[in-house]
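Note sheet for the following structure.
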Amino acid sequence: MTDTNIEVESNTPEELDVGSEQFNPLRALYAADFKVTERAPKVLYQNLAAFESALVKFGVWQLNKRQKNNDVPPKATNSKNPFSSVSIGEPSSERRFEPHQMPIEGAPKSKYQRNLFTHMAGAEGPLALLQKHLPTAEKLGQMRLRVYLRKEHTIGGRIDGELVAFDKQWNLLLKNAVEVWQRRKYKFGEQKICSTPASDECSNRLRRMGITVPELHVKSLNRKNVQLRREIPQLMVRGENIALITFINNSKE
């Protein structure tokens, strides 16, 4: 055989084809007119280390061959002891699960958020009566309560209003409230604080700052006492100042 025949046989398309099982990388490296084929190889290595380990383990001629894990045929069942080996066609490492044995998808744990509204919804005892008298869309403006406030030695006055919210310390939030209380008659003297004239009252200074003061109505009861009444859009009453709470009909006195 001449040298030309050896060269022709060595430069066969199969040895220079990357997708072929007979691909010779050394022959392709020294070939003058070698062109990489557009066919994708059967095996793609992730990095150079994986390629080197496969080269050492399988050799040059086995790099483009897919290694089959199921080349070994399954063991046949022994007629004497059928439980000694796995039957044909069933993988030994696979376990069969029933539908009720499958994993359950769990919901993410969320922290329980406790606020004023959840506290009012779960109120018990006397506070449950306040929950029943909260105004609803059907009974808007009809459910009102009367709160008697304590003084040092007696009752200081009362407040009528619609209940909006409450807490466990009996702090009440009222709207459309009407406050009524009594005091003794007295005359204002001349104010000489901070060189303010007598005609300049505290209410006028608050109006200049943009603070609206509820209008106060004074009614004479007898020679010594007067009754004062004012309407407040929103009001918060501290629980330590409450002496008694009663529920009344919608009536403005």
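Some values worked out for this structure:
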| item | result |
| --- | --- |
| First in segment 19-34 and free of Cβ contacts under 8 Å to residues at least 60 places away in the same chain and part of a helix (DSSP H, G or I), second anywhere and open to solvent by less than 60 Å² (accessible area, probe 1.4 Å) and acidic (Asp, Glu), Cβ under 7 Å, 6 or more apart | Arg27/Glu15 |
| Breaking point among (1) among the small types (Gly, Ala, Ser); (2) surrounded by 12 or more Cβ atoms within 10 Å (Cβ to Cβ); (3) closer than 30 Å to Trp170 by Cα; (4) modelled with pLDDT under 85, for Gly239 | (4) |
| Residues that are open to solvent by less than 60 Å² (accessible area, probe 1.4 Å) and polar (S, T, N, Q), drawn from segment 18-35 | Ser20, Asn24 |
| Residue ID - surrounded by the fewest Cβ atoms within 10 Å (Cβ to Cβ), chosen from residues in segment 163-205 that are modelled with pLDDT of 90 or more and of a type in the set (D, E, K, R) | Lys175 |
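Okay, residues lined up against (1) open to solvent by less than 100 Å² (accessible area, probe 1.4 Å); (2) among the charged types (D, E, K, R); (3) part of a loop (DSSP other than H, G, I, E, B):
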position	(1), (2), (3)
Pro103	no, no, yes
Gly106	yes, no, yes
Ser110	no, no, yes
Gln113	no, no, yes
His119	yes, no, no
Ala123	yes, no, yes
Leu129	yes, no, no
Leu134	yes, no, yes
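The values are calculated or read from the model by the stated rules, or taken from the named source; none is laboratory data. Quantities reported herein were computed from a predicted structural model and do not represent experimental measurements. Here Cβ is always computed from backbone atoms with ideal geometry, including for glycine, and neighbour counts include all displayed protein chains. The area values use the complete protein model at the heavy-atom level, side chains included, leaving out ligands, DNA and RNA. Shrake-Rupley method; radii C 1.70, N 1.55, O 1.52, S 1.80 Å.
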